[in-house]
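The values are calculated or read from the model by the stated rules, or taken from the named source; none is laboratory data. Because the structure is a prediction, the values reported are computed rather than measured. In this analysis, Cβ positions are derived from the backbone assuming ideal geometry, glycine residues included, and neighbour counts consider all displayed protein chains.
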Amino acid sequence: MFIDLKETILEVIYPGSFDPLTNGHLDIIERAADKFERVIVSVLNNQKKTYLFSLQERIDMLKKSVSHLKNVEIDNFDGLLIDYVNEKKCCMIIRGLRAVSDFEYEMLMAIANKKLNPCVETLFLVSASEYSFLSSSLVKEISGFGGDVSSMVPKYVEKALNKKFREEKNGK
Ligand code: PNS
């Protein structure tokens with residue numbers, strides 16, 4: 001017998017840095033949106049971390065790229081993910097798993113979050129094979145050296161990357 005997750009869990013949180021959003025992230029968002037009533041994609045703004053894109057830029061990228069998904073909301077958080085999840089009264093975190101190399105970090109994070117709140121589950125969606133190599137860092141490196149990332153990120157993000165690296169080059 002199959003369990004229809006739609007009937008048991010209505011809302012999930014998909015947290016991440018999204019610096020920048022990739023097609024791999026988008027694939028996870030679309031698949032989560034298909035299975036759950038509401039998906040909150042939440043952008044981490046860690047004050048101690050340096051991002052290529054500001055919080056607002058990362059939020060804008062997400063908003064532009066998921067506008068076709070009516071049950072997806074974009075939000076942001078800082079501090080502990082579990083505090084944010086509790087605040088939202090949500091009980092499920094979604095993360096994408098690309099390869100075995102992701103597993104150790106993701107598993108530790110899931111266990112730590114479960115220790116902090118045993119009611120919250122982490123659900124892993126395995127990345128589509130065509131995106132298993134893809135990461136925000138890789139995209140930044142390729143784009144920074146002038147490479148073509150058009151098959152790796154949404155159009156809006158590609159433009160934002162071009163703008164960012166051109167501006168940097170011109171010292172703006
Ligand atoms: O896209 P990323 O950078 O892989 O996302 C990592 C993220 C945001 C999910 C993780 O770093 C996180 O949850 N940070 C918030 C701080 C926190 O709760 N840390 C402890 C996790 S056990």
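Odds and ends about this structure:
- Count of the stretch 89-108 residues which are farther than 18 Å from LYS35 by Cβ and more than 15 Å from the chain's Cα centre (by Cα): 9
- Neighbours by Cβ (under 7 Å, 6+ apart or cross-chain): first from the stretch 76-103, at pLDDT 95 or above; second within 11 Å of the ligand (Cβ to nearest atom) and of a type in the set (D, E, K, R): ARG95/GLU106; LEU97/GLU106
- The condition of being more than 13 Å from the chain's Cα centre (by Cα) and surrounded by 17 or more Cβ atoms within 10 Å (Cβ to Cβ) holds for only one of PHE36, PHE77, that being PHE36.
- Residue within the stretch 24-37 that is in a strand (DSSP E or B), at pLDDT 95 or above and aliphatic (A, V, I, L, M) present: no
- Of the listed requirements (1) within 22 Å of ILE142 (Cα to Cα); (2) within 11 Å of the ligand (Cβ to nearest atom); (3) surrounded by 17 or more Cβ atoms within 10 Å (Cβ to Cβ), PRO15 misses just one: (1).
- Which numbered condition THR50 misses (of (1) polar (S, T, N, Q); (2) within 13 Å of TYR156 (Cβ to Cβ); (3) surrounded by fewer than 17 Cβ atoms within 10 Å (Cβ to Cβ)): (2)
- Residues considered: VAL43, VAL12, VAL72. Of these, the only one that is hydrophobic (A, V, I, L, M, F, W, C) and farther than 30 Å from LYS163 by Cα is VAL12.
- Where a residue in the stretch 134-150 is among the charged types (D, E, K, R) and its partner, wherever it lies, is outside any helix (DSSP H, G or I), with Cβ under 7 Å and at least six apart: LYS140/LEU52
- Considering residues of the stretch 104-133 that are touching a residue at least 24 places away in the same chain (Cβ under 8 Å) and polar (S, T, N, Q) only, the residue farthest from the ligand (Cβ to nearest atom): SER132
- Residue within the stretch 17-30 that is closer than 19 Å to VAL120 by Cβ and under 11 Å from the mean Cα position of the chain (by Cα) present: yes
- Condition broken by SER67, with the remaining ones in (1) more than 11 Å from the ligand (Cβ to nearest atom); (2) crowded, with 20+ Cβ neighbours inside 10 Å satisfied: (2)
- Considering the stretch 72-168, the qualifying helices (runs of 4 or more DSSP H), each wholly inside and each with 1 or more residues that are more than 22 Å from LEU62 (Cβ to Cβ), run over 81-87, 100-116.
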